[in-house]
Amino acid sequence: MPSPPIRIGIVGVGKIVRDQHLPALANDPHYRLVAAASRHGKVDGIDNYSSITAMIDAVPELDAVSLCMPPQVRSAAARAALEAGKHVFLEKPPGATVSEVEHLTELAAAKGVSLFASWHSRYAPAVEAARAFLASTRIRSAAINWKEDVRRWHPGQQWIWEPGGFGVFDPGINALSIATHILPGMFVTAATLDFPENRDAPIAAQIAFRTLDGVAVAAEFDWRQTGPQSWEIVADTDAGSMLLSGGGSQLTIDGKIVDRQPEAEYPMLYRRFAEIVRAGVSDVDLSPLKHVADAFMLGKRRVVEPFHD
Ligand code: NAP
């Protein structure tokens, strides 16, 4: 007997919900989208509520919720959902602090429901091929270049500049979610964070990591890149020079493309969520979030010119 669809509600109807969550859910028979909760946003064709608690009270048959609001307000919503016995899908980053997500993981276990800290970039098409390549050789050094134009990708968003909004680590944590999946265990050894003088979150960051066997990994995140955008991880290895580009969509070894497939990150995230719900387990890897916390903890703060939208 096939399992009945997971009845899901979506919370925080903004850009990523419209771009990715709604199309992924519409095409996945494992789910039935039954409600949405948002202060301003609405989803056509289903019941809409102004808050998650109103949605949970009004729709008791909900099995799961997908939390797509900014990280600063995600933990309280997750707690309400878990307390009500709902499975929870967390957009990235899973929270504004490490410890709040650890508490959520414990609460999910206590309530017997699944918690999913989703890392969409890990599901980019060439990531597994890069992981296999790096596991088959010796890495001499690696670098992460994640540079994009904040005005193009986050037009008018204010929460990204507020404390807990992560600034340039909002895209940078995507790079770290790939790096922590394909590179050996590593830790931050130094960092510099550039804060616009009128903002509470960094616009750029340079972070030095070292792997447990002493390999240097240098990361550069920058939100001021106009023109071509860079979302790439490079590695110099005994088996050649690796370039994972396009945010994880293409793998090149010594200049030759060895893996390039169509992108399907959000359909794969929802497939994984259904899998863990059916299996009765959680999937919460906090390593990307810990690196961001460490960069803030160890990083030197540099004040740079003001940023205006
Ligand atoms: P967004 O367009 O600003 O949407 C977030 C929604 O959350 C808002 O529309 C808002 O809807 C709701 N919200 C609730 N409390 C809020 C608050 N205090 N401040 C602002 N909004 C609040 O943001 P987004 O780009 O969709 O990003 C949401 C999350 O998805 C972030 O964690 C981000 O890292 C992640 N993500 C984004 C992208 C992308 O391309 N944009 C890609 C992957 C992941 P109401 O006003 O209706 O409540």
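Laboratory data are not the source of any read-out in this text; all were calculated from the coordinates shown. Computed from a prediction, not measured in an experiment: that's the story for all the values here. Note: ideal-geometry Cβ built from the backbone for every residue, glycine included; neighbour counts use all protein chains shown.
Residues of segment 204-228 that are surrounded by 16 or more Cβ atoms within 10 Å (Cβ to Cβ) and either more than 22 Å from residue 180 (Cα to Cα) or among the acidic types (Asp, Glu) (or both): 220, 222, 224, 225.
If you go through segment 63-85 and keep only what is at positive phi and within 20 Å of the chain's Cα centre (by Cα), you end up with nothing. Within segment 127-162, being free of Cβ contacts under 8 Å to residues at least 12 places away in the same chain and closer than 18 Å to residue 248 by Cα holds for 128, 132, 135.
Of the helices (runs of 4 or more DSSP H) lying entirely inside segment 86-166, not one carries at least 1 residues that are within 14 Å of the chain's Cα centre (by Cα), surrounded by 17 or more Cβ atoms within 10 Å (Cβ to Cβ) and among the hydroxyl-bearing types (Ser, Thr, Tyr). Restricting attention to segment 177-204, the residues being within 16 Å of the ligand (Cβ to nearest atom) and in contact with a Ser or Thr (Cβ under 8 Å, 6 or more places away or on another chain) number 2.
In the set 176, 244, only one residue is crowded, with 19+ Cβ neighbours inside 10 Å, touching a Pro at 6+ places or on another chain (Cβ under 7 Å) and under 25 Å from residue 150 (Cα atoms); that residue is 176. Filtering segment 78-94 to residues that are within 12 Å of the ligand (Cβ to nearest atom) and within 14 Å of residue 105 (Cα to Cα) leaves 89, 90, 94. Here residue 23 meets each of (1) part of a helix (DSSP H, G or I); (2) within 10 Å of the ligand (Cβ to nearest atom) with one exception, condition (2). A search for C-beta distances below 9 Å between a residue of segment 170-182 that is in contact (Cβ under 8 Å) with a residue 60 or more places away in the chain and any residue that is of a type in the set (D, E, K, R) and near the ligand (Cβ under 8 Å from one of its atoms), counting only pairs 6+ apart in sequence or on different chains, returns 170/92; 173/92; 174/92; 177/92.
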